[in-house]
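First the structure, in the form of structure tokens, and then the observations on it.
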Amino acid sequence: MDQNDKWVEIEIMVLPCESRTAKLPLDTSQVDLIARIKGFLLGEANVGDLVKIKTISGRELEGKLLAINPAYKATFGSPVPELIMIGRELREFLEDAGDKQP
Amino acid sequence: MNWPSFTEVMSRRDEVMRRALDINYPDLELGRIVFDYEKLMSICKYDIHEIMEIQRSFKVSNTPLYELPNLTRLVRRISEPGKGARIFIKDEACNASGSFKDRRASVTAHEAKKRGYKGMVAMTSGNYGAAVAAQARMAGLGCIVVQEVFDSMGIGQPEILEKGRKCEAYGAEVWQLSVGPELFYVSLVLLEESRYFNASLYTPFSVSGIETLGFEIGEEVIKKYGKPPAAVLVTHAGGGNITGTARGLIKAGCSETQIIGVSVDLSGLHMASDHDFNRKSFTTGHTGFSVPFTVNPDRVDVSRNAARPLRYMDRFVSVTQGEVFYVTEALVQLEGLERGPAGNTSLAAAVAIAKEYPEDAIIVVQETEYTGAGKHPTAQLTFAKQMGIEVSRGNPLESIPGKSIIIPQHPSQIGIKDLEMKSLKMRYLNTVLGNAGIKSYDELKVDEEVYLANEVRVNPGGLPELVKGSLN
């Protein structure tokens, strides 16, 4: 692969809902089992197209193009008001006991 | 690649597993219920010092054991006079990929390499994926990680998304799946196709890798303080952490140390439910895994599980999600340690349990894990609110998993709920005896009595009552 190759994410329908295991709660049994995996795009395509990719291990896979160079989306979220005062409360609780912090 | 049918793949399960592990499980069987557990463990041929050497070469082990003096002072403020044990924590976040899971993955990688495999497949949504990916790099092996990540709306659990990123950072091929137990089916297909080693969490390699953790704690506490820890608290999910830690403590001469398993209470949530999946703020170390694994340890990807928590656990307690978030904040604010949720689960219980012990007793929380985007209280609580979970301060006992998270207003509100060991043992016995078609105590042979007494950790004299209770 060279630097012009596109790193993409595809979606593969692994098991349609009717082929899934019998031991599932109702909500899960009504939806398909989907896999997402990344690799280098083989050829040119637009999001939504059926494409082929080569994964980092060299495996060739086919699936629907979800995103080109997808971002890592997990973040630290927002500051949580319910947590912000805990440190101060705990320090004050220890100090009230005449138990000053070193 | 082709996707063979679910039933077709599952019918080849034993054959695929045999090739992917090279362990002859039928050889261990000694009748209709008994198997030779110590023979299984001895398949990992190294003694504890050899395992330590392997782990050092994989940038694992010898993590610091820190005392938490400010949390101890806090506990003493809410304890009866003379009570409030010294709390210590083993900073396992210092291992190569940021958690104790490196201990399991290092021995597994060493063994996969030695047995001539070209790579490893790990089925896990937890830190173990990153550990296997990191250790694969060091051993020069390929790595595929299969995770359960998102619901049918395509929404990913933040903590698992982060773990997926970390696996990819180590160059692993990461399969991110929607909700469902067929993660196992996908892994079988990938094992079959790749001919890689099954880096199962439940092999003797994986569990022996954790023995060094208990051993290091036992040796260090005895050497510095002249006595074994009174209790070691272990975040409990699949049972490996309890089993390995306890075995290591025993090898360090700490047979009297109480082994306390701790899980986050997620009762009421179904682990295979597409709807419930994103309504929990903890992805492991919770009762949704730990209870079924405790009562039915062999329902895993290998035919005999090396992790057998009922053999080693003295006590099993649960804490609420809100209590763990509160204690995570206390660890940062009072001790200057910002760490991830796994170790903080047992730390939450430590705050309550330290109150039961005298001031000169030592209790140890045996792990921390790295924290980061996705696996941090702000990330999880922001996500929980987006998913419609009510987050508030108040009495944590009033929280309902999947509906509300209540963060304590005061340290005295941190409590624990004891899960009834006797009832868990009876559920285990009910499963084993039921599978073998045994209907009364009198049908048991002598070797079966000895085996079952070991499995549920009772004196032989106590077994009849448990067996009879389980058959009723």
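The numbers here are math on the coordinates, done by the rules we state, and not lab data. The shown structure was predicted, so the numbers you read here are calculated from the model rather than taken from an experiment. Note: ideal-geometry Cβ built from the backbone for every residue, glycine included; neighbour counts use all protein chains shown.
Could you work out the mean count of beta carbons from other protein chains within 10 Å of each residue's beta carbon in B:370-382?
For this peptide, the per-residue mean of nearby foreign Cβ atoms is 4.
In terms of its C-alpha gyration tensor, segment B:321-374 has a prolate overall shape, because the principal axis ratio a/c (a ≥ b ≥ c, square roots of the eigenvalues) is not below 1.5 and a/b outweighs b/c. For chain A, the fraction of C-alpha pairs more than 23 angstrom apart is 57%.
For chain B, what is the mean residue ellipticity at 222 nm derived from helices alone (per DSSP H run of n ≥ 4: -39500 (n - 2.57); sum divided by total residues; nearest 500 deg cm²/dmol)? One gets -13500 deg cm²/dmol as the mean residue ellipticity at 222 nm. Determine which residues of segment A:1-24 fall in the zone a paramagnetic label at A:ASP49 would reach in this model, i.e. backbone nitrogen under 15 Å from the point 7 Å along Cα→Cβ. Taking a point 7 Å out along Cα→Cβ of A:ASP49, the residues of segment A:1-24 whose backbone N falls under 15 Å are A:5-11.
Is there a simple number for the mean count of other chain Cβ atoms within 10 Å of the Cβ of residues in B:323-329, and what is it? Could the numbers behind the result be given before it?
Values: counts 0, 0, 4, 4, 1, 2, 9.
Mean shielding count: 3.
Once each of the GluC sites (Glu not before Pro) sitting in a DSSP loop with at most 13 other beta-carbon atoms within 10 Å is removed, chain B keeps B:1-255 as its longest stretch. Take the alpha carbon gyration tensor of segment B:273-326, find the square roots of its eigenvalues, order them as a ≥ b ≥ c, and report rounded if a/c is under 1.5; if not, report prolate when a/b exceeds b/c, else oblate. The shape class here is oblate. Each of B:TRP175, A:TRP7 was scored by other Cβ atoms within 10 Å of its Cβ. Listed from fewest to most, they are A:TRP7, B:TRP175.
Ordered by the number of other Cβ atoms lying within 10 Å of each residue's own Cβ, fewest first, B:TYR117, B:TYR451, A:TYR72 fall into the sequence A:TYR72, B:TYR451, B:TYR117.
By the beta-carbon count within 10 Å of each Cβ, the least crowded to most crowded order of B:CYS143, B:CYS94, A:CYS17, fewest first, is A:CYS17, B:CYS94, B:CYS143. Shape index of the protein assembly as shown: Rg/Rh, with Rg the Cα radius of gyration and Rh the Kirkwood radius from the inverse mean 1/r over Cα pairs, equals 0.96. Taking chymotrypsin sites (Phe, Trp or Tyr not before Pro) across segment B:307-341, none is in a DSSP loop with at most 12 further Cβ atoms lying within 10 angstrom of its Cβ. Please work out whether chain B counts as rounded, prolate or oblate from its C-alpha gyration tensor, where a ≥ b ≥ c are the square roots of the eigenvalues and a/c under 1.5 means rounded, while otherwise a/b larger than b/c means prolate and anything else oblate? Rounded shape, in that the Cα axes give a/c under 1.5. Helices assigned as whole DSSP H runs in chain B whose Cα atoms extend at least 15 Å along their own long axis and whose mean Kyte-Doolittle hydropathy is 0.5 or higher are found at B:183-194, B:341-353.
Let me know the mean shielding of B:149-157 by other chains, meaning the per-residue number of their Cβ atoms within 10 Å of its Cβ.
So the per-residue partner count for this stretch is 3.
The dipole here belongs to chain B: it is taken about the Cα centre, uses +1 on the Cβ of Lys and Arg and -1 on the Cβ of Asp and Glu, and is about 460 debye.
If you restrict to DSSP beta bridges whose two residues both lie in the protein assembly as shown, what percentage is antiparallel, to the nearest 5? Taking every DSSP beta bridge within the protein assembly as shown, about 45 percent pair in antiparallel fashion. Our note on the geometry: Cα centres of segment B:78-122 and segment A:16-62, 33 Å apart.
Each Cα pair under 8 Å and six or more residues apart adds its separation to the average, and for chain B the resulting relative contact order is 18 percent.
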